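Throughout, read-outs are computed from the coordinates displayed, never taken from laboratory work. Worth saying up front: this structure is predicted, and the values here are computed from it rather than measured. Neighbour counts are summed over all protein chains in view; Cβ atoms, including those assigned to glycine, are modelled from backbone coordinates with ideal geometry.
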Amino acid sequence: MTYDIAVIPGDGIGNGVTEAVEPLLIDVADTYGVDVTTTWFDWGSERYLEEGALMPDDGLDQLESFDAILLGAVGHPEVPDHVTLRGLRLPITKGFNQHVCKRPSYLFEGVESPLRGYAGGDIDLVVYRQNTEGEYADVGGREHQGFANEVAVQASVFTREATEAVVRPAFEAARERDGHLTNVTKSNAQAHSMVFWDEMVEEVSEDFPDVEVERLLVDAASMDFVRRPDEFDVVVASNLFGDILTDIGGGIMGSLGLAPSTNINPDRTYPSMFEPVHGSAFDIMGEGIANPLGMVLSGSLMFEHLGEDAVATALWDGVADQLADDDAPRTPDIGGDATTAVVASDLADRLVE
Ligand code: NAI
Ligand code: MG
């Protein structure tokens, strides 16, 4: 098979990890007879600073014909965060109905979790985050700015279609895994949106009598991600709650730099997008030391989505083997002193003949 992949490295460490990992993905795919062609787009904050927009007006049209999109990260110290997010990632996830943000948290052997007493494989959960609406709906406004009666309104939007679009695959994943699903909610305080959310989970659960459903309020769930992460299997959450929980997920797996992410268009009308969970990391940008493995694992999830399971497994297992090897180079976030490029090329040596 041949795949055309759009590559948007974006800003900060997004550039470093994308440049290091893109050739590795192509070469590993080639080993399995899978042909990958990439087209790079220099969209991001530099473009915004020069031309006033992170991507061109017809950006979505340019991306639509690709089989998948690989994104580094966006975010720039000189551009407000709401401008970068709303200028690139959100238009793509919303415009391509990428309702499902699937984010695994896995503690690999050889990586130390900040939590005491957890060994490789003890943390193995996956969050299904609603990715196109909820608290990230662009609905609201501001009035009377600068005056005493200034007001800001931001509305959450929950639709039956986009809620079911994430809840159903979460149940399907639970059925394939350990048969346990945690519904993360806040229906005590949000009596409209979150009660609706709970009802949707309840309704879909009727089709999955073999899946055990646990319901947790998001504050308690946050504590339990730290206190008993080993007991989670599949977690389903709204956009904001899933966003927050998956940074905790990155933390407990030893580094946010290891955490992969997906933005999936379930009916495959549009390309899906794959990116690490992390952002552009102002504190280490330009140093060449960002961990590239979250990007490699995101590539693994991309090939899984494309149906190329052999490539997906090779990438995932390659990362696991490298992390388990005490002698392998590793970046500073997981206790080493190697650069992004050295870690990626060591992985390539292991995976490509
Ligand atoms: P961040 O994820 O960029 O960084 C958080 C912390 O994790 C930092 O200490 C950073 O050094 C560390 N870290 C992240 N990735 C790492 C890696 N691969 N290797 C080693 N350490 C790593 O989050 P932050 O600082 O809140 O946001 C920075 C910018 O990124 C902001 O503009 C934000 O809006 C944007 N952002 C963009 C995302 C995206 O493009 N999908 C996602 C999250 C944030
Ligand atoms: Mg986030």
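For the stretch 91-104, 3J(HN,Hα) computed residue by residue from phi via the Karplus equation (6.51, -1.76, 1.60; θ = phi - 60°) reads x, 6, 4, 6, x, 9, 6, 7, 5, 10, 10, 9, 9, x Hz, glycine and proline entered as x.
Within the shell of other residues whose beta carbon sits under 14 angstrom from the beta carbon of Ser45, the net charge comes to -4, with Lys and Arg scored +1 and Asp and Glu -1.
For the chain, relative contact order (Cα pairs under 8 Å, six or more residues apart, normalised by length) works out to 23 percent.
Considering only Asp27, Asp321, Asp81, the mean-square fluctuation computed in a Gaussian network model of the chain, springs between alpha carbons under 10 angstrom, is largest for Asp81. If a spin label sat at a point 7 angstrom from the Cα of Ala191 along the line to its beta carbon, no backbone N atom of the stretch 127-153 would be nearer than 13 Å. Scanning residues 5 or more positions from Glu109 or on other chains, those with amide H under 5 Å from its amide H are Gly121, with H placed 1.01 Å from N in the peptide plane. In this structure, the amide hydrogen of Trp40, modeled 1.01 Å from its nitrogen in the peptide plane, lies closer than 5 angstrom to those of Val7, counting only residues at least 5 positions away or on a different chain. Each residue of the stretch 128-140 was assigned a 3J(HN,Hα) from its phi angle through the Karplus expression (A = 6.51, B = -1.76, C = 1.60, θ = phi - 60°), giving 9, 9, 5, 10, 10, 8, x, 6, 9, 5, 8, 10, x Hz with x at Gly and Pro. Charges were assigned to the Cβ only: +1 to each Lys and Arg, -1 to each Asp and Glu. The resulting dipole of the chain about its Cα centre is roughly 880 debye. GNM on the chain, alpha-carbon springs under 10 angstrom: the most fluctuating residue among Arg47, Arg168, Arg103 is Arg47. Rounded to the nearest 0.05, the FRET efficiency derived from the C-beta distance between His82 and Asp230 at R0 = 35 Å is 0.45. For the stretch 183-198, 3J(HN,Hα) computed residue by residue from phi via the Karplus equation (6.51, -1.76, 1.60; θ = phi - 60°) reads 8, 8, 9, 8, 6, 5, 9, 10, 6, 9, 5, 7, 5, 4, 4, 4 Hz, glycine and proline entered as x. For Asp198 and Asp327, a Förster radius of 41 Å and the Cβ-Cβ distance give a FRET efficiency of 0.25, rounded to the nearest 0.05.
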